[in-house]
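The values are calculated or read from the model by the stated rules, or taken from the named source; none is laboratory data. Not measured: the values here are computed from a predicted model. Here the Cβ is made from the backbone with ideal geometry for all residues, glycine too, and neighbour counts use every protein chain on show. Ligands, DNA and RNA are excluded from the accessible area calculation, which covers all protein heavy atoms including side chains. Shrake-Rupley method; radii C 1.70, N 1.55, O 1.52, S 1.80 Å.
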Amino acid sequence: MEEQYQIVYVEKPQESEWDIIGGGISDYNKAQAGDDHPKRLCYVLKAPDQTVVGGVIGVVFWDWLYIDLMYLPETLRGQGYGSQLLTQIEEQAHRLGARHVHLDTFSFQAPEFYQRHGYRIFGELQDFPHGHTRYYLTKELE
């Protein structure tokens, strides 16, 4: 008799479960599109006392930079730090072979900031979260 597979909800996945699922899709992707050669990038903004107060985190794979997280405290916004962080991660990604960049942001975060830096909206989800929009943006790196 053939064994039946079960689907089981896991409330708190362990690292081994993440490794199996993530490793499996990574292996499949490599077989389909070639090795993505991921390179993680992180630039931080440090206060005078060397405390990290913000920054940007991304990853380059294939020839794309994905900006995963970018944060600055409200008291430091509008002073050029965000622009500097964005420029530095884009330039480093370009040196590593990235030709494109993509990210997502919410309507209550910074879509206008990214658009001022040459990003264009290519998709959006209305009411995500309720009353707001989630935007997906892209840009060509030169």
Report whether or not residue 10 is farther than 25 Å from residue 136 by Cα, open to solvent by 40 Å² or more (accessible area, probe 1.4 Å), touching a residue at least 12 places away in the same chain (Cβ under 8 Å) and not small (Gly, Ala, Ser). no
Starting from residues that are buried (at least 16 other Cβ atoms within 10 Å of the Cβ) and not aliphatic (A, V, I, L, M), keep the ones in segment 103-116 and report whichever is farthest from residue 66 (Cα to Cα). 107
Only one of these conditions is not met by residue 135: (1) modelled with pLDDT of 95 or more; (2) within 25 Å of residue 22 (Cβ to Cβ); (3) within 15 Å of the chain's Cα centre (by Cα); (4) open to solvent by 40 Å² or more (accessible area, probe 1.4 Å). Which number is it? (2)
Is it the case, given these coordinates, that residue 37 is within 30 Å of residue 142 (Cβ to Cβ) and in a loop (DSSP other than H, G, I, E, B)? yes
Answer with yes or no whether residue 97 is among the small types (Gly, Ala, Ser), out of contact with any Ser or Thr (no Cβ under 6 Å at 6 or more places or on another chain) and surrounded by 13 or more Cβ atoms within 10 Å (Cβ to Cβ). yes
Go through segment 98-136 and count every residue that is more than 20 Å from residue 60 (Cα to Cα) and charged (D, E, K, R). 5
Residue 95: basic (Lys, Arg), in contact with a strand residue (DSSP E or B) (Cβ under 8 Å, 6 or more places away or on another chain) and closer than 27 Å to residue 37 by Cβ, yes or no? no
Taking segment 21-75 and keeping only residues that are crowded, with 16+ Cβ neighbours inside 10 Å and among the β-branched types (Val, Ile, Thr), one is left with 56, 57, 59, 60, 67
